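Presented below is the structure to which this report refers.
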Amino acid sequence: MDRRSLELLEFPAVRARLADATAFPPGRRLAEALEPSSDPVLVARGLDETDQARSFLTDRPAVGIAGAHDIGSAIERAARGGRLDPEQFLALAETLDATARVSTALADERRPLLRDLGRNLHPLPALRSTLARSFDPTGEMLDTASPRLGGLRAAVRVAYDRLRRRLDSLVSSELGGALQEPIVTLRNGRYVVPVKAEARSRVKGIVHDASGSGQTLFVEPLVVVELGNAWREAQLAEEAEVERILDELSLTVAGQAVALRETLDALARFDFWSAKARLAGEMDAVRAETAERTELVLLGARHPGLTGRVVPIDVRLGDGYTALVVTGPNTGGKTVTLRTLGLLALMNQAGLHVPADAGSRLPVFDDVFADIGDEQSIAQSLSTFSGHLRRIVTIVEHAGPGTLVLLDELGAGTDPTEGSALAQALLDHFIRAGALVAATTHYAELKAYAHTTPAARNAAVEFDLETLSPTYRLTIGLPGGSQAFAIAERLGLSEAIVGDARSRLTESQRSFEATLASIRETEGATAEALDRARAAEARGADALREAQEERRRARREREDVVRAAREEADKLVEQLRDDVRSTRRLLERETVTAPALDEVMSRADEHLARLPAIEGPRRELVSPPRSWRVGDRARSRSQGWEGRVIAMERGGKRATLESGGLRVTVPTDDLDATDGGGGTPGRSAKPPAAVQAGGIAGLRLDRAKSVASSLDLRGARVDEAVDALGRYLDDASLAGLDRVTIIHGLGTGALRDAVRFEAGNHPLVKSLRPGERGEGGDGATIVSL
């Protein structure tokens, strides 16, 4: 991007605001290095970063990198084999704590860029634990930093206490008359006492210093030299251990240098993205849509450098016209319009949200060029016109398709006739080159040019003549007036002078201004009608949104009802399954009879009755009553018997079936007709397999309701037991039981032996065995059928 244009459009000021929104130096450096890009992929990536960070901070505003430090120099020093000091280790520990917090927050993140960033955060729990054990929050090394350090520090304290006690004893009694003062002080790291010069001979020891007057000698008494040496040796041992610990920890940091560099980079990016999100929130900015072609649409755009009450502007450029000529009075906002256009385009291409309304669209420009402000330079002997022209020459050389050109006061600073002609030629050039161009001017010729050139449009900044103040609103389609005469009158200039000035205008100029005034009046009425139409459209849109919200609410309520019904049904079915499982367990280990089964079936019916009703009509299939005659073939639905009707009771409510040599009487409403109903009497048709299976199933169901899974024969005589055992095994087989338990007790063993002999010879028994522990032991026999 053109460096001069970035400065003219005040992009560095936005970048400075972004840097101020960061939380620590690495993030700030990223913000300070931010530049607009002309690569659509990089622009989209930068905007995605801002989008996802803004969404994340909206959901979790408390997440941040508070406590993180710029540990880059410490990492590099450790990697080169240097020793880190406690302050650097403390910064590392606090940075890893911040890393752990951010990493936890991003662990289950659904936003892809933040999720990927979280994978580059390495909290290094082992290193964090080591540093927490080694240093307190002020950076002082703890006794727990190594197994030896606590003991060495205790030895220092013991040696110091012995030394001080001996010195205090000397000062208070033994050397009292030889001392200038009864105190103990330090000289050259040794404890000494202040001895009078004339009493030197009375105190044997080492002189470490003397006062300026020579009247006082600072002597270390010989009786405490060894104690002082012991104290100093303990200190040296402690210092050596501290240095060893620092070296060891530095090596540990060096071993994690790669992970720490990645972590620092990820923290910097998270801080940078968060700053972009916070800046967007401060400016009430939005992500501009990316225009597929070179077309610029800014709705409600606001210059981020303006404070107080800011009037938003709507600007469109590139759709049907590629040049915009902005006119109007001085201080009316023409230059601010150009700066807003250029700065928002640069912010968008730097991956920042722009202060505008939703629906704004911006293309990715190859470059943005601006010539704004006074280019006068005394040092370079340049006039205002020459300075502007020099800048415009550079722009002409580089402008082309995909570029945005912004020119303030085009053609000013020279003869108006030549200046306006040059301005028209430049606009023609930029239009032919395919660039988007916006220019401000006071020249009436350029207003006419924009009116007659298909690729150009006029635009005006509005001015309130009553208050003599600009409204800063921009209107596209009409040129603006300088309002010089009106302003002069309002400020008190003589009416005669103003009238004389008006009379000097040519007829064409007066006609042109009158036409403009008429058009502006019409435009005002049209704008009012348009505002009313937009208000009506907004009300309609609100009503539509309310209706849609009502439909969504009804849908949600319906879904909630269905969900609740399903949950209730699932709960009831699970209760039913629990009853079935419980009954099955009872069948396996104890006697269950018809009443117990009936109770289970009753509970099942209750559960099924509580299931949510199925909405909608039900169709009942009712078979018409049938008149049965002797000789018809029929099948009993409940018991499965199939055969020929050989007799009918009076009233026709019961019939006798002959099936396989057996005669069974069943209700006629339990009968279904089978094939061969009109066959020859006495002729036997083999029942289908399904019918046979149905008959067996019916018998099994009938038996299953009354046959328990165990038979208790305790207290019965042998002959009674054998007879009951035979009947029970027949019924159990019909009930479909695979295994039964015969309880006979221990006793003398006679009943047990008879049961096992009878069961072993029964044709329906596959195998038998004594009961195991938990099954009754030898007092029971387990029979497999």
Of the options T185, G300, G212, report the single residue whose Cα projects farthest towards the positive end of the charge dipole of segment 169-308 (beta-carbon charges: Lys, Arg +1; Asp, Glu -1).
-> G212
Using a simple charge model, +1 on the beta-carbon of Lys and Arg, -1 on the beta-carbon of Asp and Glu, nothing else, what dipole does segment 7-120 show about its Cα centre, in debye to the nearest 20?
-> 280
Label point 7 Å out from R504 along Cα-to-Cβ: which residues of segment 406-427 have amide N under 15 Å?
-> 416
Summarise the accessible area of segment 57-137 (1.4 Å probe, protein heavy atoms) by the percent that is carbon and sulfur.
-> 51
Taking placed amide H atoms and a strict 5 Å upper bound, the residues 5 or more places from W641 or on another chain that come that close are S636
Highest first, please rank the peptides 187-197, 547-557 by the mean number of other Cβ atoms sitting within 10 Å of their residues.
-> 187-197, 547-557
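Given a 1.4 Å probe, how much area per residue of segment 718-785 is accessible, in Å²?
Normalised by residue count, the accessible surface of segment 718-785 is 53 Å².
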Protection proxy ranking of 571-578, 82-89 - average other beta-carbon atoms within 10 Å, highest first | 82-89, 571-578
Work out the length of the dipole vector of segment 103-176 about its Cα centre, built from +1 on the beta-carbon of each Lys and Arg and -1 on the beta-carbon of each Asp and Glu, and round it to the nearest 20 debye.
-> 180
Per residue of segment 150-156, in order, report the coupling 6.51 cos²θ - 1.76 cosθ + 1.60 (Karplus, θ = phi - 60°) as ³J(HN,Hα) in whole Hz, putting x for Gly and Pro.
-> x, x, 5, 5, 5, 5, 4
Can you run phi through the Karplus equation (6.51, -1.76, 1.60; θ = phi - 60°) for segment 101-118 and list ³J(HN,Hα) in whole Hz, with x for Gly and Pro?
-> 5, 5, 4, 5, 5, 9, 4, 10, 5, 8, 7, x, 5, 5, 5, 5, 5, x
Cβ-based net charge around R302, under 15 Å, with every Lys or Arg adding one and every Asp or Glu removing one = -1
Those aspartates and glutamates that a straight Cα-Cα span of less than 18 Å connects to K204, excepting residues fewer than 8 apart in one chain = D168, E174, E181, E220, E226
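Determine the gain in length on full extension of the stretch T526-R390; use 0.36 nm per residue of separation and subtract their C-alpha separation, reporting nm with one decimal.
Values: separation 136, 0.36 × 136 = 48.96 nm, distance 4.28 nm.
Taking 0.36 nm per residue and subtracting the Cα distance, the gain is 44.7 nm.
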Given H placed 1.01 Å from N in the peptide plane, which residues other than close sequence neighbours of D209 have an amide H under 5 Å from its amide H?
-> F218
Only Lys, Arg, Asp and Glu count, each charged at its Cβ (+1, +1, -1, -1), so figure out the dipole size of segment 334-452 about its Cα centre, rounded to 20 debye.
-> 260
Please give the net charge around P123, taking every other residue with its beta carbon less than 11 angstrom from that of P123, where Lys and Arg add +1 and Asp and Glu add -1.
-> +1
Over segment 83-193, with neighbouring protein chains present, the accessible area per residue in Å² at probe 1.4 Å is 51
Gap in Å between the Cα centre of segment 750-781 and the Cα centre of segment 7-41?
-> 91
Expressed in angstrom and rounded, the centroid-to-centroid distance over alpha carbons for segment 309-328 and segment 126-182 is 77
Expected vector for segment 33-43, Karplus 3J(HN,Hα) from phi with 6.51, -1.76, 1.60 and θ = phi - 60°, integer Hz, x for Gly and Pro, equals 8, 5, 9, x, 10, 9, 8, x, 5, 5, 5
Quote the accessible area belonging to W628 in square angstrom, nearest 10, computed with a 1.4 Å probe and with ligands, DNA and RNA left uncounted.
-> 30
The answer for F135, listing residues at least 5 apart or on another chain whose modeled amide H is closer than 5 Å to its amide H, is L142
Given the protein chains as shown and a 1.4 Å probe, how many square angstrom of R539 are accessible, to the nearest 10?
-> 150
Using a 1.4 angstrom probe on heavy atoms only, work out the carbon and sulfur share of the accessible area of segment 189-282 in %.
-> 53
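The values are calculated or read from the model by the stated rules, or taken from the named source; none is laboratory data. Owing to the predicted nature of the structure, the values given are computational and were not obtained by experimental measurement. A quick note on method: Cβ atoms are made from the backbone with ideal geometry, for glycine too, and the neighbour counts reach across all protein chains shown. Heads up: the accessible areas ignore ligands, DNA and RNA and are worked out on the full protein's heavy atoms, side chains in. Shrake-Rupley method; radii C 1.70, N 1.55, O 1.52, S 1.80 Å.
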